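One structure is given here, and the rest of the page talks about it.
Each reported figure results from applying straightforward, stated rules to the coordinates on display, with no laboratory input. Worth saying up front: this structure is predicted, and the values here are computed from it rather than measured. Neighbour counts are summed over all protein chains in view; Cβ atoms, including those assigned to glycine, are modelled from backbone coordinates with ideal geometry.
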Amino acid sequence: MSDAPSATDPAPRPGHFGPYGGSFVAETLIGPLQELEQAWRELWGDAKFRSELDADLAHYVGRPSPLYHAERLSRECGGAQIYLKREDLNHTGAHKINNTVGQALLAQHMGKTRIIAETGAGQHGVASATVAARLGLKCVVYMGETDIARQQPNVYRMRLLGAEVVAVKSGTRTLKDAMNEALRDWVTNVDDTFYIIGTCAGPAPYPEMVRELQSVIGRETREQSLEMMGRLPDALVACVGGGSNAIGMFHPFIDDREVRLIGVEAGGDGVETGRHAASLVAGRPGILHGNRTYLLQDDYGQIQGTHSVSAGLDYPGVGPEHAWLKDCGRAEYVAVTDAEAMEGFHALTRSEGILCALETAHAVAHAMKLAQTMRPEQSVVLNLSGRGDKDLYSIAEREGWSL
Amino acid sequence: MSRLQQRLEHCAAEGRAALIPYLTGGDPEPAATPALMHALVEGGADILELGVPFTDPMADGPTIQLACERALAAGTTVTHVLDAVRAFRERDADTPVVLMGYLNPMIRSSAERFCADAADAGVDGVLAVDLTVEEADTLQPALQAQGLDCIFLLAPTTSPERARRMSETGSGYLYYVSLKGVTGSAALDAQAVADKLASLREVVTLPLAVGFGIRDAADAEKVAASADGVVVGSALVELIAKAGRGDDTLPATLRDAAAKLRQGVEAARARR
């Protein structure tokens, strides 16, 4: 059950993860957040709602997603067996849809007629526009101007799906500013609007709600591992921007202490250069976007600009549950640079014929490094969170090709 | 009794609302702020709200977002804002100053440190936009320890139970957000505000200031008929934006703008 205390949190307060999480928002949003929390608790515990959601996940999203043994990649690394949890095979090409299907269903049950969302790489925007189209809801997606320039295919997909894509021109013009703008929209249109947050951040109950909706990844991985390997994996590896694919993968394994949980952040040009997006590796606790968590901030508490080759990881915060998992030592967090992620992208493409998203490529790069330090009878499951079609233009440009 | 309470009681005794202008500290540059604060007081401000700039002002509209960007581009830090208050206090020991902003810059070193520095600079109260009453422990005890008022926001969506809790946890005044939206919006409904204030007064004991969407003397007059304080922000910040850096006439412009707002507040006396 969603509010069952985790073994890592001795005295959980609702909406908090140790000292992290909470609800730090303008007062106008408290009423809507309470309404959301109540509807969420009722419906998540309602068998009819759950079977409705399960049916959507099976027949619309295409779940369960396969667990695939990447034998050639494993051989090339020469260590542990690498398995891929194929979230890239979901409808719309990433794990994001697990969350949007659930939240849109919730919106519909709450009688909301308008969906808003923030997006970085555009995957969450596409997933939101997709479910809005299917349910006949109006959809507005906020996206930083910088991200719009580097994720054109997804911008076009959202427009085809009937969503309005609003270019955000404030601040650093990336994901964090898109989230500010979505919060401003919500505070203005609270009566008819449902805000689908795309990651396990934001004010309570979002971090917990998104985790529960994404935990289908970890539950399936657990079953499939037992089936295919006869045991649990030795390590799970997932990329972390806000951290929703990672928390979805990790959460069902939290009490399995023998399973290492490793989150991979965007190291950009290298953490030592200051041009990165590794909030857990290099940030400090603070308050942004409704929750207390690790943030990239300066000595005066101003939020710093981030850098990553991948728009989806380009965020100065991280979900509060990851902050807590880091502090209590249950999960480990590392950073992988842009250049290493590109190598991971190519290695996976050539050895397995799978083009992954640049976000995912960070996890690929680390899983390969990790596998080399392990024995062949051990296993690593990598959350292949999304496919790379959206990134072809920016990869080509980076590597001097003209498409 | 705090300086803030005294001032609000003084205005109430005069049968009028307090005029509470807002400006962002360090906009257009840190050195300009003390003179602008004095100018607002000369124009008739009773209390000043001074914004602490933040990179991510999620409850603010474009006007105050840009003010934050200008202030940050000019190098403004929390320390600069407190220094501006300290400089202001050299010539004005009476006008209460309330800092308004977001938690992260305020608690960067620690809430205790920030509150001690603020009290030392001559600040009277703090309004952190993202401090909900449920999370009051993040700042309120540290404010109280320094004798500073903790000012909460009330919204059209606030339940009576929460309003009561804010009135008990907070001090100084409560700031009622007049509309669903961000600062600088133009959708003021003075009758709806008056109705809401009347119902809030059944559950809260603190004075009620009203802000968001009050743009001119006419708006100020309408709201002052029912509120204990009238906050005007974006309309004044726009004047600063228009002037830019190094405009010597800006203090006079702000003084005149405050004087007009004060006339609106005074005109409402007869209607109270």
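The local environment of residue B:152, defined by Cβ-Cβ distances under 12 Å, has a net charge of -3 under the rule Lys, Arg +1 and Asp, Glu -1. Partner shielding of B:66-77 amounts to 1, given as the average count of beta-carbon atoms from other chains within 10 Å of each residue beta-carbon.
Other residues lying with their Cβ under 15 Å from the Cβ of residue B:134 contribute a combined charge of -2, Lys and Arg counting +1, Asp and Glu -1. Taking Cα centre as origin and charging only the Cβ of basic (Lys, Arg, +1) and acidic (Asp, Glu, -1) residues, the dipole magnitude of the range B:3-271 rounds to 400 debye.
Comparing B:64, B:19, B:52 along the charge dipole axis of the range B:1-108, the residue lying farthest to the positive side is B:52, per the Cβ-charge model. The ranking of A:16, A:124 from fewest to most other beta carbons within 10 Å of each one's beta carbon is A:16, A:124. Footprinting exposure proxy ranking of B:11, A:139, fewest other C-beta atoms within 10 angstrom first, gives B:11, A:139. Extension gain, residue B:93 to residue B:168: 0.36 nm times the residue separation minus the Cα-Cα distance gives 24.2 nm.
Neighbouring Cβ atoms from other chains, within 10 Å of the Cβ of residues in A:285-291, number 5 on average.
Of the trypsin sites (Lys or Arg not before Pro) found in the range A:132-204, those in coil by DSSP whose Cβ has at most 15 other Cβ atoms within 10 Å are A:169. Net length available on complete extension from residue B:109 to residue B:86 is 6.3 nm, with 0.36 nm assigned per residue and the Cα-Cα distance removed. Give the calculated FRET efficiency between residue A:269 and residue A:372 to the nearest 0.05, with a Förster radius of 25 Å applied to their Cβ-Cβ distance. Efficiency, rounded to the nearest 0.05: 0.55. Taking amide hydrogens as placed 1.01 Å from N in the peptide plane, the amide H of residue B:155 sits under 5 Å from those of B:177, each at least 5 positions away in sequence or on another chain.
Rounded to the nearest whole Hz, the Karplus-based 3J(HN,Hα) values (6.51 cos²θ - 1.76 cosθ + 1.60, θ = phi - 60°) of the range A:62-67 follow the sequence x, 8, x, 7, x, 9, with x at glycine and proline.
Taking other residues whose beta carbon is less than 9 angstrom from the beta carbon of residue B:173, and scoring Lys, Arg as +1 and Asp, Glu as -1, yields -2.
Peptide B:174-182 shows a mean partner chain C-beta count of 4 within 10 Å per residue C-beta.
For a paramagnetic label modelled at 7 Å from the Cα of residue A:398 toward its Cβ, which residues of the range A:106-127 fall within the zone defined by backbone nitrogen distances under 19 Å? Backbone N within reach: A:120-124.
Database remark: amide H of residue B:24 closer than 5 angstrom to the amide H of B:51 (H placed geometrically; neighbours at sequence offset of 5 or more, or on other chains; Pro and chain starts carry no H).
Which is farthest toward the positive dipole end of the range B:3-271 among B:132, B:232, B:218, measuring Cα position about the Cα centre, with Cβ charges +1 (Lys, Arg) and -1 (Asp, Glu)? The listed residue farthest towards the positive side: B:218. Only Lys, Arg, Asp and Glu carry charge here, each on its Cβ (+1 for the first two, -1 for the last two); on that basis the range A:70-171 has a dipole of about 240 debye about its Cα centre. Per-residue 3J(HN,Hα) values for the range A:45-52, derived from phi via the Karplus relation 6.51 cos²θ - 1.76 cosθ + 1.60 with θ = phi - 60°, read x, 9, 4, 5, 4, 5, 6, 4 Hz in sequence order (x marks Gly and Pro). The relative contact order of chain B comes to 24 percent, based on Cα pairs under 8 Å that sit 6 or more residues apart. When the Gaussian network model of chain A links Cα atoms closer than 10 Å, the mean-square fluctuations of A:337, A:306, A:188 top out at A:188. For the protein assembly as shown, the Cβ-based charge dipole about the Cα centre amounts to some 800 debye (Lys, Arg positive; Asp, Glu negative; other atoms uncharged). Within the range A:233-285, the trypsin sites (Lys or Arg not before Pro) that combine a DSSP coil assignment with at most 11 other C-beta atoms in a 10 angstrom radius are A:257. For chain A, excluding the exposed loop sites themselves (GluC sites (Glu not before Pro), DSSP loop, at most 10 other Cβ atoms within 10 Å), the longest remaining stretch covers A:1-257.
For the residues A:177, A:269, A:191, a GNM of chain A with alpha-carbon springs under 10 Å puts the largest fluctuation on A:191. Given the options B:53, B:62, B:251, state which has the largest fluctuation in a GNM of chain B using a 10 Å cut-off (strictly under) for Cα springs. Per the Cα network of chain B with a 10 Å cutoff, B:62 tops the list. Beta bridges from DSSP with both residues in the protein assembly as shown: antiparallel share about 20 percent, rounded to the nearest 5. Each of residue A:145 and residue B:79 was given a label point 7 Å from its Cα along the Cα-to-Cβ line. The distance between the two points is 3.2 nm.
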